[in-house]
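Scroll down for the structure; my scribbles are underneath it.
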Amino acid sequence: MASNLDYLDPALQPLADKVQAYIQCEKQFQRAEVEATDLTHQAPTTAADAFEQRSAAGSYNQPHAEIQTKLSNLRHELEHLRQEVIDLLPVRDEWVKVNLGYGPSRVGAFSITPTTDDDRSATAAYELRVVV
C-alpha cells in the first residue's frame, strides 16, 4: 500500500514543480506553432496594401518576425526545462510517480537507442516522457 502513495513524497515536489513548468511551456510552444501556421495561411495582402504609406521605420507590425522569435525563445526554454527535469529524476529508464494534482502521474527519462554504429560511440541521449 505504501508504494501506491510514493508519489506524495515531499522530496519529489521540486521534480513535480519542474514537470508542471515543462508542461506549461510545451503548451505555450504548441499555441505559438498554431499561431505561426495561422499567419502563413492568411490571405496575401493586395498590392495597394503592400505599398501603403508606413510610419517611421520599425514602428509597423512584424507578426512573422515576432512569432519566429517567440518560437525560438520557447524552443530554448523547453529544451532547458527538459534537461532540468531529466537532471532531477532519481533514476533513468524507469517511471517515477509524481503528484501533478491529478493523482499519480508518471515521468521518466528513457535512453534513445542508437541506429547506426557511429551513434553507438556517442554519449547516451535521453528522451523525456510525461504521462498525466
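Numbers below:
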quantity: For the stretch 64-77, 3J(HN,Hα) per residue [Karplus equation, 6.51 cos²θ - 1.76 cosθ + 1.60, θ = phi - 60°, Hz, x = Gly/Pro]; calculated: 5, 5, 5, 5, 5, 5, 4, 4, 4, 5, 5, 4, 5, 5
quantity: Surface accessible to a 1.4 Å probe, Ser72 within the full protein complex, Å²; calculated: 40 Å²
quantity: Placed amide H near Leu100: partners under 5 Å, 5+ positions off or other chain; calculated: Ser105
quantity: Spatially proximal lysines relative to Lys18 (Cα-Cα < 16 Å; intrachain offsets below 8 disregarded); calculated: Lys27, Lys97
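The values are calculated or read from the model by the stated rules, or taken from the named source; none is laboratory data. What you are looking at is a predicted structure, and each value in this text was computed from that prediction instead of being measured. Accessible surface areas use protein heavy atoms only, side chains included; no ligands, DNA or RNA. Shrake-Rupley method; radii C 1.70, N 1.55, O 1.52, S 1.80 Å.
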